[in-house]
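> Before I ask anything, let me first share the structure, which is written out below as structure tokens.
A short reminder: the numbers here are calculations on the coordinates, not readings from a lab. Note that this is a predicted model, so its numbers are computed, not measured.
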Amino acid sequence: MYDIIKINMTNYVISGKNQFREKERLNRILTKVRVAKEDLIEIDASKPKTFKIEEALIECGTMSLFQEENRVVILRDPWFLKGAEKGAPKANEEDRKYLIEALNTYLSDPNPGCTLIFYLDGCDADTRRKEYKVLEKHHVERVVCDLIKPWDFPAHITELLKEGGFVLDHDARCEFDERVGTDEFQLHHAIEKLDLYGEKKYDARTIRMLIPEDANVDMWKLGNAFLCGRITDVIRSRDRMYAKGMSAMDMIPLLSSQLRKAYDIRALADLGYDNATIAMRLKIKESAVRMNLKNIGSMRARTILHRMSMLAEIEQGIKTGSLETNAAFEAYLLKYGVRHV
């Protein structure tokens with residue numbers, strides 16, 4: 001079909017919840033292809049009602065004005081590669097059948113001068129779908145960008161600091177880890193700031209000056225203070241998060257997650273498991289187990305479970321409109337954020 005001789009281009013499906021790595025891989029592909037701006041076509045493929053597969057494939061089949069130039073077509077958030085979402089509009093079976101046939105026809109004889117990229121921004125592809133099976137059949141290259149597990153993140157930070165030639169003393173590294181959390185965007189922005197600052201050795205004071213605290217750090221501090229019963233620290237952390245634009249409805253699921261972890265740790269400890277075994281079963285660091293048990297003190301698993309249940313009731317009441325958001329959350333913090341002996 002294509003009589004102009006060109007180097008065969010690879011087609012890709014990029015997916016996963018690690019948005020930083022997705023963008024990094026996309027940029028790496030675009031750099032490798034060396035596509036001109038006018039030959040980079042981006043198409044919104046997120047809605048079955050507005051996305052037309054035939055128009056996208058016409059773009060794929062169009063040749064560049066210059067024989068030596070390459071062409072890239074990016075289908076953004078293709079609905080036909082995602083899992084079913086509640087409330088999302090659905091395509092009828094005839095439209096799906098037409099799309100599958102069109103994909104199969106094009107990928108059987110693709111334009112050798114065009115790279116077609118299916119790009120799912122922060123989303124996993126549903127490998128069970130027939131549309132995805134077509135991509136597999138025609139050897140479209142999979143680029144899966146998974147999130148780095150929280151327990152692997154410290155080693156990832158160490159690797160990037162080493163690559164940059166940066167040396168942080170103990171206190172500086174503790175500050176650095178707290179401020180970047182497990183957010184890869186935040187981590188790479190922090191590395192860039194160190195590079196721009198121009199030094200190779202850093203102390204804690206300089207780290208605090210260069211890298212702002214993430215709201216997630218305050219959430220971690222709020223959760224710890226809540227479990228310890230330090231109400232003053234609870235209120236301080238809550239106020240900092242309000243100042244950074246977080247709402248009570250942002251904080252509730254995060255606090256619930258911390259309570260859940262504390263409950264799991266206490267329940268396993270009550271069954272007689274040691275810290276190392278608990279860490280292995282929950283896939284967390286042993287130091288996190290020790291810290292949680294210290295925060296919990298003598299609090300029983302059923303007490304933590306009761307607090308989780310009360311928080312879930314408040315969240316449900318806020319969603320149904322029977323409770324006022326800030327007032328309900330603040331009342332909860334004041335009632336349970338004090339250690340009861």
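> Collect residues whose amide H, placed 1.01 Å from N in the peptide plane, falls under 5 Å from the amide H of Asn111; neighbours closer than 5 in sequence don't count.
Result for Asn111 returns nothing.
> Using amide H atoms built 1.01 Å from N in the peptide plane, name the residues 5+ places from Cys123, or on other chains, whose amide H lies under 5 Å from its own.
Gly16
> Pick from Leu81, Leu147, Leu268: which is most flexible by mean-square fluctuation in a GNM of the chain where alpha carbon atoms under 10 Å apart are linked?
Leu268
> Any chance you could tell me what percent of the C-alpha pair distances in segment 192-298 go past 18 Å?
59
> Can you run phi through the Karplus equation (6.51, -1.76, 1.60; θ = phi - 60°) for segment 293-305 and list ³J(HN,Hα) in whole Hz, with x for Gly and Pro?
Values per residue, Gly and Pro as x: 5, 5, 5, 5, x, 8, 4, 7, 4, 5, 5, 5, 4 Hz.
> Please give the Cα centre distance for segment 92-130 versus segment 151-193, rounded to the nearest Å.
That distance is 38 Å.
> Output ³J(HN,Hα) for segment 143-159: one whole-Hz value per residue in order, computed from phi by the Karplus curve 6.51 cos²θ - 1.76 cosθ + 1.60 with θ = phi - 60°, and x for Gly and Pro.
Once rounded to whole Hz, the list reads 10, 9, 10, 7, 5, 6, 4, x, 6, 9, 5, x, 5, 5, 4, 4, 4.
> At a Cα cut-off below 17 Å, give the lysines reachable from Lys162, other chains included and same-chain residues fewer than 8 away excluded.
Lys193, Lys200, Lys201
> Can you give the angle from 0 to 90° between the axis of helix 325-336 and the longest principal axis of the chain, with both taken from C-alpha atoms, to the nearest 10?
40
> Please list 3J(HN,Hα) in residue order for segment 269-277, calculated via the Karplus relation 6.51 cos²θ - 1.76 cosθ + 1.60 where θ = phi - 60°; whole Hz, with x for glycine and proline.
For segment 269-277, the Karplus-derived couplings read 5, 5, 7, x, 6, 7, 4, 5, 5 Hz, x marking Gly and Pro.
> Per the helix-only calculation at 222 nm, which mean residue ellipticity applies to the chain, given -39500 (n - 2.57) for every DSSP H run of n ≥ 4 and division by its residues, nearest 500 deg cm²/dmol?
One gets -18000 deg cm²/dmol as the mean residue ellipticity at 222 nm.
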